[in-house]
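Below is one structure; the comments refer to it alone.
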Amino acid sequence: MDEVAQAKRQQSRHQKVSDGIDELKLWIKDLIRNGILSAPEKPLTYWENMAKRLIDAQSPGLSRMITNLGNTNFYTENWQGSFLDQLLKILLIIEGYHNLSALDPALQEDIKSSIGFTQNQEELKEQKGITDTWFVLGKQVVEEDTYTTEKYWMLGQQSNKYALILQFVFNGQGRSISLIPGSSIEAELVYYPSVAPLRAIIKSSTGSNQTVSLNSHNTWKDVLDEEVRIYSLLPFSGERPLVISNVTPVLSDNQWWLMDTAKDINLISPEFKSIYKLLAISGGNPVTIAAVGYHNTYEPIACWHKEQFYIL
């Protein structure tokens, strides 16, 4: 009986998600039909109402994407590019869900995760993971009304794999994970199912503060090649971490960029608040940067200069 009840609950949820997605698709069609240049004129309730309807449709992932769409800084130059990028990702996820059974099982999990389906962590821990010395590149904190999201970005010394450990801390509750940027741990990590695995959980760990040697990209072309590979597998991939060596912060057109040894540049995210700390550390010289982002915009989270690690 429990299996029958569970199957009915799953069927009911899938139906709610399908109905919500159909409504979202019509909403997007209207938005495009009216022209995205009208988006800055939309009231806040325009985005909030759609986001709330997706919560009701048990699609919290899509709800966050609509909220982020409404939070676009329409006062920045070329906001249309990032706006369309977000919109196209939502459409890809919608179409993917409508054709779920025809897709690779790992890609199915990516789509369901993007919509808001959750994976049982206890079931994940039953799987074999990757044991390595994991270096904590950085920590990012996002505060919401009732909870805080902590993002720990890591890189395995032997596997050369990046990982994202997420922790949700609700108001009044303690933390189960406390990782310090610049430190390392011996741990077995299990990745969530994906065609381009990134998010993981810590299955087991032992303390470790040993010095690690990390691989890095040498140029932005190397980064681009890796991004092309990932997007060929997961076209709606979001931000990912990277480590790139010998880049120099430079100012051009009132914006800060990171220039590599080939003189190629990528934009430092306008959200980055520690540019002067980075300048003081680098002294105008090349440094190794750990950053998070995608396409051509990255937010530095740490750097190495003269073999010294600095949190940014």
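The values are calculated or read from the model by the stated rules, or taken from the named source; none is laboratory data. Note that the structure is predicted; figures quoted are calculated from it, not measured. Quick reminder, even Gly has a Cβ in these numbers, built from the backbone with ideal geometry, and neighbours come from all protein chains shown.
Residue pairs whose Cβ atoms lie under 9 Å apart, separated by 6 or more positions or on different chains, with the first residue in segment 169-191 and free of Cβ contacts under 8 Å to residues at least 60 places away in the same chain and the second assigned to a loop (DSSP other than H, G, I, E, B) and hydroxyl-bearing (Ser, Thr, Tyr), are Val169/Ser176; Phe170/Thr146; Asn171/Thr146; Ser184/Thr211. Among the residues of segment 194-248, the ones that are under 15 Å from the mean Cα position of the chain (by Cα), closer than 29 Å to Ile177 by Cα and assigned by TED's automatic domain parsing to the domain that holds Lys263 come to 9 in all.
For segment 249-285, taking the residues that are under 14 Å from Cys303 (Cα atoms) and part of a strand (DSSP E or B), the one that is farthest from the chain's Cα centre (by Cα) is identified as Pro249.
Within this structure, Thr45 fails the test of being touching a residue at least 12 places away in the same chain (Cβ under 8 Å) and either among the aliphatic types (A, V, I, L, M) or over 22 Å from Leu198 (Cα atoms) (or both). All of (1) in contact with a helix residue (DSSP H, G or I) (Cβ under 8 Å, 6 or more places away or on another chain); (2) modelled with pLDDT of 95 or more hold for Leu44 with one exception: (2).
A quick yes/no check of all residues on (1) out of contact with any Asp or Glu (no Cβ under 8 Å at 6 or more places or on another chain); (2) touching a residue at least 24 places away in the same chain (Cβ under 8 Å):
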site	(1), (2)
Val212	yes, yes
Asn215	yes, yes
Trp220	no, yes
Glu226	yes, no
Pro249	yes, yes
Trp257	yes, no
Thr261	yes, yes
Leu267	yes, yes
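For Asp145, state whether it is buried (at least 17 other Cβ atoms within 10 Å of the Cβ) and either closer than 29 Å to Leu267 by Cβ or not assigned by TED's automatic domain parsing to the domain that holds Ser59 (or both). No, not satisfied.
Considering only segment 89-98, I want to know if a residue exists there that is outside any helix (DSSP H, G or I) and charged (D, E, K, R). No, that holds for no residue.
Matching residues to (1) exposed (fewer than 14 other Cβ atoms within 10 Å of the Cβ); (2) among the polar types (S, T, N, Q); (3) outside any loop (DSSP other than H, G, I, E, B); (4) at pLDDT 95 or above:
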| site | (1), (2), (3), (4) |
| --- | --- |
| Met50 | no, no, yes, yes |
| Gly61 | no, no, yes, no |
| Gly81 | yes, no, yes, no |
| Asp85 | yes, no, yes, no |
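Only one of the numbered conditions (1) buried (at least 17 other Cβ atoms within 10 Å of the Cβ); (2) part of a helix (DSSP H, G or I) is violated by Val228, and that is (1). Restricting segment 248-272 to residues that are out of contact with any Phe, Trp or Tyr (no Cβ under 6 Å at 6 or more places or on another chain) and charged (D, E, K, R) leaves a set whose member that is surrounded by the fewest Cβ atoms within 10 Å (Cβ to Cβ) is Asp253. Hey, can you tell me all the residues within segment 97-112 that are touching a residue at least 40 places away in the same chain (Cβ under 8 Å) and either assigned by TED's automatic domain parsing to the domain that holds Ala187 or touching a helix residue (DSSP H, G or I) at 6+ places or on another chain (Cβ under 6 Å) (or both)? Matches in segment 97-112: Tyr97 only. Is there a residue being outside any loop (DSSP other than H, G, I, E, B), surrounded by fewer than 18 Cβ atoms within 10 Å (Cβ to Cβ) and in contact with a strand residue (DSSP E or B) (Cβ under 9 Å, 6 or more places away or on another chain) anywhere in segment 109-119? Among the residues of segment 109-119, at least one is outside any loop (DSSP other than H, G, I, E, B), surrounded by fewer than 18 Cβ atoms within 10 Å (Cβ to Cβ) and in contact with a strand residue (DSSP E or B) (Cβ under 9 Å, 6 or more places away or on another chain), which makes the answer yes. So, of the residues in segment 265-307 that are at pLDDT below 95 and either assigned by TED's automatic domain parsing to the domain that holds Pro181 or of a type in the set (D, E, K, R) (or both), which turns out to be nearest to Asn215 (Cα to Cα)? Restricting to residues being at pLDDT below 95 and either assigned by TED's automatic domain parsing to the domain that holds Pro181 or of a type in the set (D, E, K, R) (or both), the top hit is Glu307.
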